[in-house]
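**Student:** Please see the structure below; I have some questions.
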Amino acid sequence: MTNAKIETSQPEVAYMDAGIELWWNVQNFLFAEADLLDRRCFNEWLEILHPDITYRMPLARNIRRDQIKQSEYTQPGETAWFDEGFQTLSQRVAQINTGIHWAEEPASRVSHLVSNVRVQVPANTVGSPEEVKVHSRFLIYQNRLQTETVLFVGKRADVLRRHEGRWKVLERTIYLDQNVLLAKALTTFF
Amino acid sequence: MRPIEELVQADQGLVRRAIFSDEDIFKQEIKQIFGRAWLFVGHESLVPNPDDYFVSQMGTDSVILTRNRQGQIQVLLNSCSHRGMKLCRYDHGNNRTFTCPYHGWSFSTDGQLVERPGELVGVPGFAKNYMGELDKKSWGLKSVAQIHNYKGTIWATWDPNAPPFEEYVGDMRLYLDSALDHRDGREGGSEVIGGVQKWRVKSNWKMPAENFIGDLYHDISHRSVDVVGIGPSGGRGRRDAMQGRVAIAFKDLGHGLLGNLPHYEEPDYSPMYTAYPEVERYYREVHEKRIQNLGNNMRVKHRVGTIFPNMSFHGWQPRTITVFHPVSATEMEMWRMYLVDSDAPEEVKESARHYFLRYSGPGGMTESDDMENWTGATAASQGDIAQDLYFNYQMGIGHTKPVPELRGAVVSHEFTEENARAYYRRWAQFMQGSSWETMTPTY
Ligand code: FES
Ligand SMILES: [Fe+2]
């Protein structure tokens, strides 16, 4: 699990690991999401995002060990690789769909591998919770044009919330394990 | 290597592709250009407190931008004078002295302790192993020859003979002001939003420098984002409109931009950030203050520009500083910082930050397509046959007018390659090793 601060939409409450059934459901949710992205079903992907989503990928910095907690990653309000909501994410999808967004035309071949899924629920939960915290690792392989190949590896901290009867991604913070980004552009979703 | 006169024939609008792919030419560039020119190394807001440092880059050398206890800013080579170890291994931090992790030599910038910044102060075993026989004074860290703080931006050169910074930038300085000054017209007053984006791009470093100098012609490659619309006022397009935009080249200095000619009266307010009513009010207010603060003084406004060789900046929307650090003939590391008025209300800073990030950087919906162009052009210039061909920079040759208010400047319509010709003419002068005397215009 990442040491970086994880924001939730809730006031600080204690969390505990979810039971096996919820864990199984949430894990399947993440795998299905990865599949939507890899099959380039971006419009369908938007549907599993909460309308109030915050989607942020902070920058990672090399700093002294005793400051890692506070400042290895840029904080909300600072520069990031991404820091946006539903509107911008939909615009990104619309841009890809124009067919003239050259950074994704021809389309990349992408595989999202998602693992180390941990699901947590508020400790005072009775019955099925409305909101869960999910931690996962990702390894994303992207191949573009002939030989252009990029690997993105890192951690995600999500908050999923039930919305109209389905889980939706309400918060996603993406901790990429790179200081200098070793890709010329970020045109895939995380 | 072919003679420079053959590689660049700026007046004819011809530039041989080899300058974007040949390693020997690249090595010459590092020496002749990055070893002599004034280079942007950072912003003072990256080192706000005494003993703060920020690790930066000049050409292919790592350097330390640091503020000492006396508040002075220094730029030192980030390499130990003993056996070369990189001294600062963190991106930024706060240190009284720089101690080498290899054998423990330590260096200080503290004016109380040392005569010159970066002087060697501590040598383990100085008495016992060196028997005191080491001339510490001559083994300090290499320091840049000159440093200049321009409204918070820090510039440095390794060349003691380089002309003063203000002479080097000439009247391009006014356009730098248009990015760095407060939106209400007060001098300075901008700060960098926390965090510097750094990313690797397999492009020759000159491709973006040339693009940012005023290549409006390439706007077609941003059609996808214009169709979708990401501007701060909603609707189609990616920015709020700018009236009266022209291309201006400083033909003797190699700098250039897209923006407005100097003017003496503030043009009428055109609404900005209308998707955020609170923010729009701020821009309307600062516009009114600008009218009061600037009175009848000359002023300029620009969209985008490049200061030779590798620093570019957006002045208005977005508002950023970007640097193209050379890595090899076919690779660079881009850095980008985002600027805001330091005393602006939080909502204004936040809306700017969100807008800048969706526009620029590797995740930027506009810039992601730029990198595609630069990497594609670099790759396709590496073929044996391709290398020997010329790029065409012939748009608008001979169709310029002088700008009386700006020394040595010429103006073209929005669409021109005049600015790029000025840039490569300057490149050729540096590469030929011309003396500063012949390279510095007298007006
Ligand atoms: S290399 Fe720095 S002390 Fe030896
Ligand atoms: Fe562009």
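The values are calculated or read from the model by the stated rules, or taken from the named source; none is laboratory data. Being a predicted model, the structure only gives us computed values, none of them experimental. Positions of Cβ are backbone-derived with ideal geometry, glycine not excepted, and every protein chain shown enters the neighbour counts. The area values use the complete protein model at the heavy-atom level, side chains included, leaving out ligands, DNA and RNA. Shrake-Rupley method; radii C 1.70, N 1.55, O 1.52, S 1.80 Å.
**Student:** Which residue, of B:Ser138, B:Ser81, B:Ser108, is polar (S, T, N, Q), open to solvent by less than 20 Å² (accessible area, probe 1.4 Å), more than 24 Å from the chain's Cα centre (by Cα) and within 16 Å of ligand 1 (Cβ to nearest atom)?
**Tutor:** Going through B:Ser138, B:Ser81, B:Ser108 in turn, just one is polar (S, T, N, Q), open to solvent by less than 20 Å² (accessible area, probe 1.4 Å), more than 24 Å from the chain's Cα centre (by Cα) and within 16 Å of ligand 1 (Cβ to nearest atom): B:Ser108.
**Student:** Could you list, in sequence order, all residues of segment B:204-220 that are outside any loop (DSSP other than H, G, I, E, B), more than 14 Å from every other protein chain (Cβ to nearest Cβ) and either more than 12 Å from ligand 2 (Cβ to nearest atom) or of a type in the set (D, E, K, R) (or both)?
**Tutor:** If the condition is that a residue be outside any loop (DSSP other than H, G, I, E, B), more than 14 Å from every other protein chain (Cβ to nearest Cβ) and either more than 12 Å from ligand 2 (Cβ to nearest atom) or of a type in the set (D, E, K, R) (or both), then B:Lys206, B:Ala209, B:Glu210 are the ones that fit.
**Student:** All but one of (1) open to solvent by less than 70 Å² (accessible area, probe 1.4 Å); (2) within 16 Å of ligand 1 (Cβ to nearest atom); (3) within 14 Å of chain A (Cβ to nearest Cβ) hold for B:Gly93, so report the exception by its number.
**Tutor:** Of (1) open to solvent by less than 70 Å² (accessible area, probe 1.4 Å); (2) within 16 Å of ligand 1 (Cβ to nearest atom); (3) within 14 Å of chain A (Cβ to nearest Cβ), only one is false for B:Gly93: (2).
**Student:** For segment B:61-90, what are the residues that are within 14 Å of chain A (Cβ to nearest Cβ), in a loop (DSSP other than H, G, I, E, B) and within 23 Å of B:Gly35 (Cα to Cα)?
**Tutor:** B:Asn78, B:Lys86, B:Leu87, B:Cys88
**Student:** Of the residues in segment B:354-371, how many are in a helix (DSSP H, G or I) and either within 7 Å of chain A (Cβ to nearest Cβ) or within 25 Å of B:Trp205 (Cβ to Cβ) (or both)? I'd like the intermediate steps shown before the answer.
**Tutor:** Filtering segment B:354-371 down to residues in a helix (DSSP H, G or I) leaves B:354-359, B:367-371.
Going one step further and asking which of them are either within 7 Å of chain A (Cβ to nearest Cβ) or within 25 Å of B:Trp205 (Cβ to Cβ) (or both), we end up with B:354, B:356-359, B:367-371.
Selection size over segment B:354-371: 10.
**Student:** Select, from B:Thr416, B:Thr375, the only residue that is buried (at least 21 other Cβ atoms within 10 Å of the Cβ), away from chain A (no Cβ under 14 Å), out of contact with any helix residue (DSSP H, G or I) (no Cβ under 6 Å at 6 or more places or on another chain) and polar (S, T, N, Q).
**Tutor:** Exactly one of B:Thr416, B:Thr375 is buried (at least 21 other Cβ atoms within 10 Å of the Cβ), away from chain A (no Cβ under 14 Å), out of contact with any helix residue (DSSP H, G or I) (no Cβ under 6 Å at 6 or more places or on another chain) and polar (S, T, N, Q), namely B:Thr416.
**Student:** Only residues in segment B:86-111 that are among the small types (Gly, Ala, Ser) count as the first member; pair them with residues that are within 12 Å of ligand 1 (Cβ to nearest atom) and assigned to a strand (DSSP E or B), Cβ under 7 angstrom, at least 6 apart or cross-chain, and list the lot.
**Tutor:** B:Ser106/B:Phe98; B:Ser106/B:Thr99; B:Ser106/B:Gly122
**Student:** If we scan segment B:43-57, do we find a residue that is in a loop (DSSP other than H, G, I, E, B), open to solvent by less than 40 Å² (accessible area, probe 1.4 Å) and in contact with a strand residue (DSSP E or B) (Cβ under 6 Å, 6 or more places away or on another chain)?
**Tutor:** The answer is yes, given that some residue of segment B:43-57 is in a loop (DSSP other than H, G, I, E, B), open to solvent by less than 40 Å² (accessible area, probe 1.4 Å) and in contact with a strand residue (DSSP E or B) (Cβ under 6 Å, 6 or more places away or on another chain).
**Student:** Moving to a separate point now. Can we say B:Arg69 is at pLDDT below 95 and over 18 Å from the mean Cα position of the chain (by Cα)?
**Tutor:** Considered against the rule, which asks whether it is at pLDDT below 95 and over 18 Å from the mean Cα position of the chain (by Cα), B:Arg69 comes out as yes.
**Student:** Which number in (1) open to solvent by less than 10 Å² (accessible area, probe 1.4 Å); (2) within 9 Å of chain A (Cβ to nearest Cβ) marks the one condition that B:Thr306 misses?
**Tutor:** Unmet condition: (2).
**Student:** Out of (1) facing another protein chain (nearest Cβ under 10 Å); (2) farther than 15 Å from B:Glu210 by Cα; (3) open to solvent by 10 Å² or more (accessible area, probe 1.4 Å), the odd one out for B:Gln382 is which?
**Tutor:** Only one criterion is unmet by B:Gln382, namely (1).
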